[in-house]
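Have a look at the structure below before the remarks.
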Amino acid sequence: MIDTHCHLDLLKEEDLRDTLQDKSLEYLLTIGYDRKTIKNALKLSQENPQVFCAIGFHPHEADRVKEEDFEWLKTLAKENPKVKALGEMGLDFYKDYSDRKKQEEVFRRQIALARELGLPIVVHSREAEEETLRVLKEEKAYEVGGVMHCFTGSYQFMKACADLGFYISYSGIITYPNAQKLREVVKRTPTYRLLIETDAPFLAPQPVRGKPNKPTYLRYVAEAVAQLIPNTSFDDVDRMTSENAKLLFNLLCDGRKDTVTYVINNKLYINLTNKCNLHCTFCQRERERNFMVKGYWVWVSRDPSVEEVIREIGDPSRYEEVVFCGYGEPTLRFSALKDIARWVKERGGRIRVDTNGLMFTFLPKERLKELKGLVDVWSVSLNAPDKETYNKVCRPAEEGAFEKVLEFIKEAVREGFKVVATAVDYEGVDMKRTEELAKSLGADFRGRIYESVG
């Protein structure tokens, strides 16, 4: 299992020893929330191969955060590959240990820094659901994603965060007798957005309540989740939360060099992010962890910055096409996509964006206009002739996804973009009907061959 949030430096010596020797814990994400604990988290992650860290400033610390602290945080995150996220950060209006305006300012600054570095964020939100959502949306936090740590909020808040592409992490609180409302939220959380944590040494689960918590108690949280979700075993919870954590925190890279750009048939492909808001049954990333495309290891340990991508492109005019296409959804990093596309067009390049067409689930459709004159072709994964087939094959995170894809295609055509709708020749997909639907929307159509594994 993977404990996605713990404070190893705050554990008793014997509890830390037990934790680091526990073979049931594959990885641990230890959290630094002020200058002292950030240094401790970095040291522990460097000394122990199974330990990674997130570093940032907790809302309780906001009044003490100075301008130079942001630059210090940036330097540490850039120089230490064991840093897999920024945080925990956010808003705490329950204890109000720091001024609320200052909390929001520090929260916003850290989100901006995370977007610059291409790192996900770890969010603390207590008695501040509306304000947290507002800041996440306004600061475009969906471009890097992250986790709502130690979630205790409402169903509406959970759904809104999941719709933004955030993961929801549950702690030992779900085992408490008075947490029935929260357990109902757990039941309705999409399994591909689910994580577990201990927040050790705090919040010990009910079976060991009253004792200092430690990551070895993560099994109690997993057992509780298994009891709440129908047809789900302890092993299922272990597997799915571990895979979710590996995707979010980029723990899958095995030391190979990140592939930010790669060339196939004189077309330059840009691997802008690993993150995706679909779980298509035919997608290679859903079936194996090889991540090889025609000899390229197409995975990145963190989302590349605009500057990194531009540096790798060189002269874009020498390629037939510059294509935003990797193992993730490029429109999730809308601002980065736009900045890179503008740079490419100014130098005579031609641009295609391969997308799942779900941009309107997290951005208003008016934003599409910002890419006019920058994107030459939209290649949109339609993949089905109807909603029922789409939901079965593409497994979207939210209701109404198929309708959003149709809306995107129609709007892109109306705005004058060239649009090519695509579909994978997967079992159960009527390619003829899918082509007819694409053409009725004003798009061209291209069928793609399903590449099976094994």
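Give me a count of the residues in the range 319-353 that are in a strand (DSSP E or B) and surrounded by 19 or more Cβ atoms within 10 Å (Cβ to Cβ).
The initial filter retains those residues of the range 319-353 that are in a strand (DSSP E or B), namely 321-324, 351-353.
Still in the running and surrounded by 19 or more Cβ atoms within 10 Å (Cβ to Cβ): 322-324, 351-353.
Count: 6.
Looking at the range 63-76, is at least one residue more than 22 Å from the chain's Cα centre (by Cα) and surrounded by 17 or more Cβ atoms within 10 Å (Cβ to Cβ)?
Within the range 63-76 (the criterion being more than 22 Å from the chain's Cα centre (by Cα) and surrounded by 17 or more Cβ atoms within 10 Å (Cβ to Cβ)), the answer is yes, since at least one residue qualifies.
Identify all residues within the range 362-400 that are modelled with pLDDT under 95, of a type in the set (A, V, I, L, M, F, W, C) and farther than 23 Å from LEU164 by Cβ; write none if there are none.
Of everything in the range 362-400, just one residue is modelled with pLDDT under 95, of a type in the set (A, V, I, L, M, F, W, C) and farther than 23 Å from LEU164 by Cβ, namely VAL393.
Scan LEU29, LEU25, LEU20, LEU42 and give me the residue that is part of a loop (DSSP other than H, G, I, E, B), surrounded by 14 or more Cβ atoms within 10 Å (Cβ to Cβ) and in the same structural domain as PHE202 (by TED's automatic domain parsing).
So the residue among LEU29, LEU25, LEU20, LEU42 that is part of a loop (DSSP other than H, G, I, E, B), surrounded by 14 or more Cβ atoms within 10 Å (Cβ to Cβ) and in the same structural domain as PHE202 (by TED's automatic domain parsing) is LEU25.
Going through the range 297-318 one residue at a time, which ones are at pLDDT below 95, among the charged types (D, E, K, R) and either in a loop (DSSP other than H, G, I, E, B) or under 17 Å from the mean Cα position of the chain (by Cα) (or both)?
Result: ARG302, ASP303.
For the range 117-124, check the following and say yes or no: at least one residue is modelled with pLDDT under 95 and either touching a Pro at 6+ places or on another chain (Cβ under 9 Å) or on the phi > 0 side of the Ramachandran plot (or both).
Checking the range 117-124: at least one residue is modelled with pLDDT under 95 and either touching a Pro at 6+ places or on another chain (Cβ under 9 Å) or on the phi > 0 side of the Ramachandran plot (or both).
Identify, by number, the condition in (1) without any contact (Cβ under 8 Å) to a residue 12 or more places away in the chain; (2) in contact with a His (Cβ under 8 Å, 6 or more places away or on another chain) that ARG395 doesn't meet.
Only one criterion is unmet by ARG395, namely (1).
Take the residues of the range 116-159 that are more than 17 Å from PHE362 (Cα to Cα) and acidic (Asp, Glu): which is surrounded by the fewest Cβ atoms within 10 Å (Cβ to Cβ)?
GLU127
Determine which member of the set VAL424, VAL420, VAL405 is hydrophobic (A, V, I, L, M, F, W, C), touching an Asp or Glu at 6+ places or on another chain (Cβ under 6 Å), within 22 Å of ASN277 (Cα to Cα) and touching a residue at least 24 places away in the same chain (Cβ under 8 Å).
Values: VAL424 fails: touching an Asp or Glu at 6+ places or on another chain (Cβ under 6 Å); VAL405 fails: touching an Asp or Glu at 6+ places or on another chain (Cβ under 6 Å).
VAL420 is the lone residue from the list that is hydrophobic (A, V, I, L, M, F, W, C), touching an Asp or Glu at 6+ places or on another chain (Cβ under 6 Å), within 22 Å of ASN277 (Cα to Cα) and touching a residue at least 24 places away in the same chain (Cβ under 8 Å).
Each row is one residue, and each column tells you yes or no for (1) under 21 Å from ARG342 (Cα atoms); (2) in contact with a helix residue (DSSP H, G or I) (Cβ under 8 Å, 6 or more places away or on another chain); (3) hydrophobic (A, V, I, L, M, F, W, C).
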residue	(1), (2), (3)
LYS372	yes, no, no
VAL377	yes, no, yes
ASN383	no, yes, no
GLU388	no, no, no
GLY416	yes, no, no
ALA421	no, yes, yes
ASP425	no, yes, no
ASP430	no, yes, no
SER440	no, no, no
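The values are calculated or read from the model by the stated rules, or taken from the named source; none is laboratory data. Fair warning: this is a prediction, and the values are worked out from it, not measured in the lab. Virtual Cβ from ideal backbone geometry, glycine too; neighbours counted across all protein chains shown.
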